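No value in this document is a laboratory result; all are computed from the given coordinates. Fair warning: this is a prediction, and the values are worked out from it, not measured in the lab. Please note: Cβ atoms are built from the backbone with ideal geometry, for glycine as well, and neighbour counts cover all protein chains shown.
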Amino acid sequence: MSRLAGQVVFITGGGSGLGLAIVERFVAEGAKLCVLERSPEKVMQLKTDFPEAVVAVAGDVRNYADNERVVNEALVKFGRLDVFIGNAGIWDHNASLLGMEPECLEAAYREIFDVNVKGYLLGARAAAPALIASEGSMIFTLSNAAFYPGGGGPVYTASKHAAVGVVRQLAYELAPKVRVNAVAPSGMASDLRGPMALGQETMRIMDSRSPEAIRAILPLQFFPAPEDFVAPYVMLASRTDNRTLSGVMINADCGLGIRGIRHVAGGLAL
Ligand SMILES: NC(=O)c1ccc[n+]([C@@H]2O[C@H](COP(=O)([O-])OP(=O)(O)OC[C@H]3O[C@@H](n4cnc5c(N)ncnc54)[C@H](O)[C@@H]3O)[C@@H](O)[C@H]2O)c1
């Protein structure tokens, strides 16, 4: 368990769900982490749980200065930066086009794109010089909604498709110094919230879905936990295990992408 020994990682949204699972596993693999997290309670918890290996900073991915502050913390405290993981995100609880009043749609668009897309770009911009210096890598959290409809409403789905463009363009621009990749998980139980613009800031993903409903739509037929998605991040971050992948988006979607024709008991559903 030391595939990331000596590596220093900047991750956004590391206070719960997938981000926290990445923090826990990366610490176990020997990494040091600096976390940018909006929730002060989650920041306090990270400081308590990981007093040595993690520097937790309260801030918002939508502010460049907050991203820059975390990069500076990494350089001052640990002397280098090897990996940036853009992960903080918000969902839209499947708010449909016609289900949103026009003024709500505009505000939801700004809020979701600012977190899910601008946040990734600002974090990448803040981290890029140090990653070029260390010849490190970036990893972005996408979603099944980066590839297929139905994993969110049009705003969330568009934001995750936009993040695909971030991955491809940055992999192109930052080669040969920085490898840029992504992991696209399917549904899981986390603290994932929606935008204030839709009155969803206290709604969690599992308020509107059940483990059984998620299990039922996944060809691999189990309800994944955040920890189940972490292995590809370790592999992509590792300097020895990933010398060749850049611009790659790993579909960790429990088989959604090969779903094809829906099977029903007794034959094919046509
Ligand atoms: N939960 C799912 O089913 C699912 C499925 C596919 C993809 N994802 C993606 O996984 C990523 C992580 O989400 P999660 O499910 O672990 O949810 P989560 O809410 O448990 O984790 C996201 C973290 O980001 C933080 N955050 C939110 N907005 C922020 C901001 N503006 N600035 C700083 N921190 C902020 C939150 O406080 C939270 O701790 C997101 O990009 C999400 O789109 C989640």
His161-Thr202 FRET efficiency (beta carbon distance; Förster radius 35 Å; 0.05 resolution): 0.85
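At R0 = 22 Å, how high is the FRET efficiency between Phe222 and Ile258 if r is their beta carbon distance? Nearest 0.05 is fine.
Numbers: r = 16 Å, r/R0 = 0.72.
FRET efficiency, Phe222 to Ile258: 0.90.
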FRET efficiency, Glu173 to Arg243 (Cβ-Cβ, R0 25 Å, nearest 0.05): 0.80
Backbone N under 17 Å from the Ala65 label point (7 Å along Cα→Cβ), restricted to the stretch 104-119: none
Given 15 as the ceiling on other Cβ atoms within 10 Å, longest exposed-site-free region of the chain for GluC sites (Glu not before Pro) in DSSP loops: 53-134
Cβ-based net charge around Val76, under 14 Å, with every Lys or Arg adding one and every Asp or Glu removing one: +2
Descending semi-axes in whole angstrom, ellipsoid equivalent of the stretch 8-268, from the Cα gyration tensor: 29, 21, 18
